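These notes concern the structure reproduced below.
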Amino acid sequence: MQLAASGVLGSQISKVALSAIAEPPRSLANLTSDLKRQGISVILPGDPGYDIARSVWDRRVDKKPAAILGCASVAHIQEALRFCAKERLPIAIRGGGHGFSGHSTIDGGLLIDLAAMYEVKLDVPNRTVTVGPGVRTGYLLGITTSKDLAPVTTTDNHIGAALFAGQGYLSPLYGNMCDNVSRLEVVLADGRLITVSAEEHPDLF
Ligand SMILES: Cc1cc2nc3c(=O)[nH]c(=O)nc-3n(C[C@H](O)[C@H](O)[C@H](O)COP(=O)(O)OP(=O)(O)OC[C@H]3O[C@@H](n4cnc5c(N)ncnc54)[C@H](O)[C@@H]3O)c2cc1C
């Protein structure tokens, strides 16, 4: 009985040791190599440009993300979110980086940077514009004013346009930027892409 018991214990210990050798802990560089293959820019501590890439407008905020994932498409965002969920890593999302709270960066987690998604589609006949989550207000104005049109934006030109909180010079006449949004494409935390408007998912609008 006693021998059998120590035999079981011994084989359990061996199993743990073997599995530790077969699956050594992977570094974030290894873990994120799949993301790189899919075109997501990955900047890790020590990489050239890391300190610039992690900086936000408020220089009092000095956080050091474990990795900065530069997404250039909805598919990239979905992949980055799946990765964060799988690896159980905390995330921060950065639009224009002008938030006062410092919530658009993170210590030790993954920063999803949307700066590369700065596409603007202007529909002059319908007087509407579609913007990516990396668009800044000055860039947006530069495009719309070339057609004598202007959205309500913030008074500062470097703020992310995507969240549409903006209160600017046109607000007394037309309300805030958020009052003028007609439709949003939203990637949920589980990676699903949904459209949000007064008709679709009105609870999120
Ligand atoms: C110098 C200065 C001038 C300002 N002037 C004005 C003004 O005139 N009018 C005005 O209304 N406001 C003004 N603000 C405030 C500004 O609009 C807000 O701080 C706004 O939240 C900044 O947005 P951002 O995308 O640049 O910031 P970020 O720091 O990138 O984001 C702010 C927050 O939103 C989250 N977030 C950003 N993008 C997304 C996304 N696509 N999906 C999910 N979460 C996201 C971030 O995680 C963070 O928590 C000013 C701020 C500064 C620093």
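Residues being more than 9 Å from the ligand (Cβ to nearest atom), of a type in the set (A, V, I, L, M, F, W, C) and in a strand (DSSP E or B): count how many of those fall in region 181-200. Number satisfying all stated conditions: 4. Is there a residue being more than 18 Å from the chain's Cα centre (by Cα) and in a helix (DSSP H, G or I) anywhere in region 115-136? No, because not a single residue in region 115-136 is more than 18 Å from the chain's Cα centre (by Cα) and in a helix (DSSP H, G or I).
Listed conditions (1) in contact with a Phe, Trp or Tyr (Cβ under 6 Å, 6 or more places away or on another chain); (2) more than 9 Å from the ligand (Cβ to nearest atom) are all met by Leu111, apart from (1).
Of the listed requirements (1) more than 12 Å from the ligand (Cβ to nearest atom); (2) part of a helix (DSSP H, G or I), Leu69 misses just one: (2).
Yes/no matrix, rows are residues, columns are (1) touching a residue at least 40 places away in the same chain (Cβ under 8 Å); (2) assigned by TED's automatic domain parsing to the domain that holds Thr153; (3) surrounded by 13 or more Cβ atoms within 10 Å (Cβ to Cβ):
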position	(1), (2), (3)
Ile40	yes, no, yes
Lys63	yes, no, yes
Leu69	yes, no, yes
Ser73	yes, no, yes
Leu81	yes, no, yes
Arg88	no, no, no
Ile93	no, no, yes
Ser101	no, no, no
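For region 133-180, filtered to residues that are within 21 Å of Trp57 (Cβ to Cβ), at pLDDT 90 or above and among the aromatic types (Phe, Trp, Tyr), the residue that is nearest to the ligand (Cβ to nearest atom) is Tyr169. Any chance you could count how many residues in region 133-158 are without any contact (Cβ under 8 Å) to a residue 12 or more places away in the chain and either surrounded by 15 or more Cβ atoms within 10 Å (Cβ to Cβ) or not polar (S, T, N, Q) (or both)? Residues that pass the stated criteria total 2. Taking region 111-132, which residues are touching a residue at least 24 places away in the same chain (Cβ under 8 Å) and not aliphatic (A, V, I, L, M)? Hits for region 111-132 are Asp113, Thr128, Gly132. Do the conditions hold for Ile194, that is, is it buried (at least 17 other Cβ atoms within 10 Å of the Cβ), of a type outside the set (Gly, Ala, Ser) and on the phi < 0 side of the Ramachandran plot? Here the answer is no, as Ile194 does not meet what is asked. The single condition among (1) within 29 Å of Asn30 (Cα to Cα); (2) assigned to a strand (DSSP E or B); (3) of a type outside the set (Phe, Trp, Tyr) that Ile77 does not satisfy is (2). Kindly indicate whether any position in region 89-98 is more than 14 Å from the ligand (Cβ to nearest atom), on the phi < 0 side of the Ramachandran plot and not in a loop (DSSP other than H, G, I, E, B). Scanning region 89-98 turns up no residue that is more than 14 Å from the ligand (Cβ to nearest atom), on the phi < 0 side of the Ramachandran plot and not in a loop (DSSP other than H, G, I, E, B).
Remark: pairs (first residue in region 161-180, closer than 17 Å to Thr144 by Cα; second residue part of a loop (DSSP other than H, G, I, E, B) and among the aromatic types (Phe, Trp, Tyr); Cβ separation under 6 Å; 6+ apart in sequence or on different chains) = Met177/Phe164.
The values are calculated or read from the model by the stated rules, or taken from the named source; none is laboratory data. On a predicted model such as this, the values are computed, not experimentally measured, just so you know. FYI the Cβ positions are ideal-geometry reconstructions off the backbone, even for glycines, and counts take in every protein chain you see.
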